[in-house]
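The values are calculated or read from the model by the stated rules, or taken from the named source; none is laboratory data. If you're wondering where the values come from, they're calculated on a predicted model, not measured in any experiment. Counting neighbours? That spans all protein chains shown, and the Cβs are built from the backbone with ideal geometry, glycine included.
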Amino acid sequence: MGSGVYMKGHFPARALEDHVEATRPGGIIIFGLRDTYWVDGEELGFKDKFNELVAAGKLNPTAVIDFKYKRGMKEAKNKLY
């Protein structure tokens, strides 16, 4: 689990790959980051790396949750990545 570490100056997007490699088959990976970093083509590339891992079959997401939706904020998207 990673929380509050995926941001500029902390861990790079490639650290997501390390999480995948360190997780047992069928294991669960949980991480959180600011929505400003969860954008296609964003400088730090977290969403791009996530999508790359999914496309390579290294990661099988069951859910990607926008927590603003859970708090009832209307602008949040209720969808998978």
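May I ask you to list pairs of residues, at least six apart or on different chains, whose Cβ atoms are under 6 Å apart, with the first in segment 13-35 being under 19 Å from residue 47 (Cβ atoms) and the second being in a loop (DSSP other than H, G, I, E, B) and of a type in the set (Lys, Arg)?
Here the result reads 20/58, each pair linking segment 13-35 to a residue that is in a loop (DSSP other than H, G, I, E, B) and of a type in the set (Lys, Arg).
May I ask you to list pairs of residues, at least six apart or on different chains, whose Cβ atoms are under 7 Å apart, with the first in segment 41-61 being without any contact (Cβ under 8 Å) to a residue 12 or more places away in the chain and the second being surrounded by 10 or more Cβ atoms within 10 Å (Cβ to Cβ) and assigned to a helix (DSSP H, G or I)?
Taking only residues 6 or more apart or on different chains, the pairs are 41/48.
Could you list, in sequence order, the residues of segment 29-69 that are under 17 Å from residue 8 (Cα atoms) and assigned to a loop (DSSP other than H, G, I, E, B)? Write out each step before concluding.
The initial filter retains those residues of segment 29-69 that are under 17 Å from residue 8 (Cα atoms), namely 31-50.
The answer is 33, 34, 38, 39, 40, 41, 42, 43, 44, 45.
Among the candidates 37, 69, which residue alone is modelled with pLDDT under 85, in contact with a helix residue (DSSP H, G or I) (Cβ under 6 Å, 6 or more places away or on another chain), surrounded by 12 or more Cβ atoms within 10 Å (Cβ to Cβ) and not small (Gly, Ala, Ser)?
Numbers: 69 fails: in contact with a helix residue (DSSP H, G or I) (Cβ under 6 Å, 6 or more places away or on another chain).
Unique residue meeting the criteria: 37.
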